[in-house]
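Chemist: Supplied in structure tokens, the structure appears directly below.
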Amino acid sequence: RFQRARPDAVPAMFVLSVALLAFHAPAASRVGTSRVGMTLSADPATGMRVASDITEVIGNTPLIKLNRVTDGVEGTILGKLESMEPCSSVKDRIGYSMIHEAEKRGDITPGVTKLVEPTSGNTGIALAMVAAAKGYDLTLTMPASMSLERRVMFKAFGAKLVLTPAAKGMKGAIAKAEEICKKENGYMLQQFSNKDNPKIHRETTGPEIWADTQGKFDILVAGVGTGGTITGCAQYLKPLKPELKFAAVEPTESAVMSGGTPGPHKIQGIGAGFIPDNADMSLIDEVIQISADDAIAMARRMAKEEGLMVGISSGASVLAAKAMLAKPENKGKTAVCIIPSFGERYLSTALYENLFNEAKDQEPEEVDV
């Protein structure tokens, strides 16, 4: 699970055997293996390698070296392209994990349990994708300030959406979800405290980064929405390389991890206005504040200069990586930063609203045929 086979993959039975050995081997011994965990196996009868459902193509996202937006940096920045997940965000991992693990425990049943979850968007989309594939009824609550694209995607997957006042942020969405759960006897997945959130990053994201870098990196940078990504990765990676540094990213406008007060901001997906239970601050070495305007500017540069269409929080992640490498003690080092989501989800937001309106209003030119 969570592994895509590459075109040059060796025969399926060999891949499966190696993967099973790697899975049971000590973590440190897995360095140098080309895959982490299990790959999609071939059908013995047809030889076809086909996923049984959408959840089997989650994970195994690539690392990419950033080249042109790293001006002024004496070091290397590698982006972990979670924007290449099936629903274009890192939250696809926890959308799968929280539902799958609850099913294994017998807590929920397809066609019976009503799922409810507060979301800033991407977790909701991931849950809606998995719920659709498995046959769950899902209700999502979300602050009205989040992008229109998110609303449409929820509905496309068949989920019910309840909007909450923008000024009340994620706390308002959480309160509404709790209200719905009580009223409708729903099951709330609770991404901010659900331990199946960091678990999936401990079991997949962290090992993928280690395998793809061969452990040759010095810093991991990740934005904190639920805290699951950075916590789970640190839980896996710190024992392998204790000197690794972990930097959390938060909006300057809502710098609660730095001891500030919560406030409205434009970096959708991070900065919930409180420190989530899943954010293990003991594993975080530094907290980097990035303003929304700077994050937007960098996300736009990523598209124009790297060919990477990314969201606002991705711009914040890259800027935080640059800030870490600007420290004298980090000169010449390598930072891996999480690129959480794809930019097409932000066309109606401050990131691309100007281009969206320009394209919408553009008139056709005359042509002789």
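Chemist: Mind checking the dipole of the range 255-369: about its Cα centre, +1 per Lys or Arg Cβ, -1 per Asp or Glu Cβ, Debye to the nearest 20?
Modeler: So the dipole magnitude of the range 255-369 works out to roughly 660 debye.
Chemist: Using the beta-carbon distance between Ala350 and Met281 and R0 = 25 Å, what value does 1/(1 + (r/R0)^6) give for FRET efficiency, to the nearest 0.05?
Modeler: Calculated value: 0.30.
Chemist: How are the C-alpha pair distances of the range 103-194 spread across 10 Å bins, as whole percents from the shortest bin up?
Modeler: Calculated P(r), rounded to whole percents: 18, 54, 25, 3.
Chemist: What is the magnitude of the charge dipole of the chain about its Cα centre, with +1 placed on the Cβ of each Lys and Arg, -1 on the Cβ of each Asp and Glu, and no other charges, expressed in debye to the nearest 20?
Modeler: My answer is approximately 1020 debye.
Chemist: Rounded to whole Hz and in sequence order, give me ³J(HN,Hα) for the range 253-264 from the Karplus expression 6.51 cos²θ - 1.76 cosθ + 1.60, θ = phi - 60°, writing x for Gly and Pro.
Modeler: 3J(HN,Hα) across the range 253-264, in whole Hz: 6, 8, 8, 6, 5, 8, x, x, 9, x, x, x.
Chemist: Can I ask one more? Based only on Cα atoms, what mean projected area does the convex hull of the range 87-129 have, in nm²?
Modeler: Values: hull surface 11.8 nm².
For the range 87-129, the mean projected area of the Cα convex hull comes to 2.9 nm².
Chemist: Let me ask something else about it. Enumerate the amide H contacts of Met188 below 5 Å, restricted to partners 5 or more residues apart or on another chain; note that Pro and chain-start residues carry no placed amide H.
Modeler: Residues meeting the criterion, in which the H sits 1.01 Å from N, are Val116.
Chemist: Further, regarding this structure: Would you mind pulling out the separation of the Cα centroids of the range 192-229 and the range 81-159, in Å?
Modeler: 20
Chemist: Another question, if that's okay. Determine the calculated [θ] at 222 nm for the chain from helices alone, applying -39500 (n - 2.57) to every DSSP H run no shorter than 4 residues and normalising by the residue count; nearest 500 deg cm²/dmol.
Modeler: Dividing the helical sum by the residues of the chain leaves -10500 deg cm²/dmol.
Chemist: For Thr164, enumerate residues with amide H under 5 Å from its amide H, sequence gap 5+ or separate chain, H modeled in the peptide plane.
Modeler: When sequence neighbours closer than 5 places are left aside, the close amide H contacts are Met142, Ala144.
Chemist: Could you tell me, in Å, what Rg and Dmax come out for the Cα atoms of the range 271-333?
Modeler: Cα radius of gyration and Dmax of the range 271-333 are 13.6, 37 Å respectively.
Chemist: Step through the table entries Lys65/Lys241; Lys91/Lys331; Lys195/Lys333; Lys91/Lys327; Lys241/Lys304; Lys195/Lys322, compare each Cα-Cα distance with 24 Å, and write down the pairs that go over it.
Modeler: From the list (Lys65/Lys241; Lys91/Lys331; Lys195/Lys333; Lys91/Lys327; Lys241/Lys304; Lys195/Lys322), the Cα-Cα distance tops 24 Å for Lys91/Lys331; Lys195/Lys333; Lys91/Lys327; Lys241/Lys304; Lys195/Lys322.
Chemist: Provide the per-residue ³J(HN,Hα) series for the range 334-345, in order, calculated from phi with Karplus coefficients 6.51, -1.76, 1.60 and θ = phi - 60°, each as a whole number of Hz, with x at glycine and proline positions.
Modeler: 10, 10, 9, 10, 6, 9, x, 7, 8, x, 5, 6
Chemist: Something else about it: Calculate, in nm to one decimal, what Lys183 and Lys168 gain on full extension: separation in residues at 0.36 nm each, minus their alpha carbon distance.
Modeler: Numbers: separation 15, 0.36 × 15 = 5.40 nm, distance 2.11 nm.
So the extension gain works out to 3.3 nm.
Chemist: Carbon and sulfur together cover what percent of the accessible area of the range 105-209 at a 1.4 Å probe radius?
Modeler: Accessible surface attributable to carbon and sulfur in the range 105-209 totals 54 percent.
Chemist: Subtracting the Cα-Cα distance from 0.36 nm times the residue separation, let me have the gained length for Arg105 to Ala51 in nm, one decimal.
Modeler: Difference between extended and current length: 17.1 nm.
Chemist: Looking at the chain only, what percent of DSSP beta bridges run antiparallel? Nearest 5 please.
Modeler: Expressed as a percentage, antiparallel bridges in the chain total about 15.
Chemist: Let me know the Kirkwood hydrodynamic radius for the range 123-273, please, with Cα pairs as the basis and the value in Å to one decimal.
Modeler: This gives a value of 17.0 Å.
Chemist: A further question follows. Among Phe192, Ser282, Ala211, whose Cα sits farthest toward the positive end of the charge dipole of the chain (+1 at Cβ of Lys/Arg, -1 at Cβ of Asp/Glu, about the Cα centre)?
Modeler: Ser282
Chemist: Which trypsin sites (Lys or Arg not before Pro) from the range 56-86 combine a DSSP loop assignment with at most 11 other Cβ atoms within 10 Å?
Modeler: Those satisfying the criteria are Arg68.
Chemist: Across the range 63-72, in residue order, what do the Karplus-derived ³J(HN,Hα) couplings come to in whole Hz, using 6.51 cos²θ - 1.76 cosθ + 1.60 with θ = phi - 60° and x for Gly and Pro?
Modeler: 9, 9, 7, 8, 10, 9, 8, 9, 3, x
Chemist: Per the Kirkwood definition applied to all pairs of different Cα atoms, how many angstroms is the hydrodynamic radius of the range 235-340?
Modeler: 14.5
Chemist: Further, regarding this structure: Could you tell me the convex hull volume per residue, in Å³, taken over the Cα atoms of the chain?
Modeler: Spread over its residues, the Cα hull of the chain gives 177 Å³ apiece.
The values are calculated or read from the model by the stated rules, or taken from the named source; none is laboratory data. The structure presented is a predicted model; accordingly, all values stated were derived computationally and were not measured. We place every Cβ from the backbone using ideal geometry, glycine too, and count neighbours over all the protein chains shown. Only protein heavy atoms, including side chains, enter the accessible area calculation; ligands, DNA and RNA are left aside. Shrake-Rupley method; radii C 1.70, N 1.55, O 1.52, S 1.80 Å.
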